[in-house]
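Scroll down for the structure; my scribbles are underneath it.
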Amino acid sequence: MRSALGLVISLLVMSAAARAEPPKLAVFDLEMIDTSLQGEMSGPRADEQARLLRAGDQVRKELADSGKFRVLDIAPVNAAAHGSNLQACGGCDVKLAGELDADLVMTGVVQKVSNLILNINLYLRDVHSGQLLAAASADMRGNTDESWSRATDYLVRNRLLAPNYGAPQAR
């Protein structure tokens, strides 16, 4: 999947260069899958819900700042997105992004096993075909603002924006 992600990003950049405009990207807020005992007993936590929103904002900002994507405002469809499980809604993420006239859509999920073991997954789909173009994942140790921010930054810098992510390295 690493070489596929690098290839996808390279193709998107080349395609954007041919159009002289970067592809339009809708980045939805991240969702939580909490299989921890604490989550089962207590339900959603306000601090984690705030972190989900901040992580989505961080992804949008870093991708927009890169200049490789034109990140769209998701406000017109945000309520519908929050009312759906974007990871299991049968393509509603693609439909909602299409309403924004996006070329690409990114969704993400944080999987929580415990307060020590978490994982962030990001998924990039082509809005026109619905095809999954790339997936990126990073593990986190610790359920803090800092660990979430660092893991999110790592995914964007070293996976989504890395120029040769997955390409063989010269030795």
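The values are calculated or read from the model by the stated rules, or taken from the named source; none is laboratory data. Since the structure is predicted, the reported quantities are computational estimates derived from the model, not experimental observations. No Cβ is skipped: glycine too gets one built from the backbone with ideal geometry, and neighbour counts run over all protein chains shown. The accessibility values were calculated without ligands, DNA or RNA, using every heavy atom of the protein model including side chains. Shrake-Rupley method; radii C 1.70, N 1.55, O 1.52, S 1.80 Å.
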Task: Single residue of the range 24-50 satisfying the filter (open to solvent by 20 Å² or more (accessible area, probe 1.4 Å) and at pLDDT 95 or above) that is farthest from residue 118 (Cα to Cα) - done: 24
Open item on the list: Quick check on the range 15-23. Is at least one of its residues modelled with pLDDT under 95, surrounded by fewer than 16 Cβ atoms within 10 Å (Cβ to Cβ), of a type outside the set (Gly, Ala, Ser) and more than 30 Å from residue 117 (Cα to Cα)?
Closed with: yes
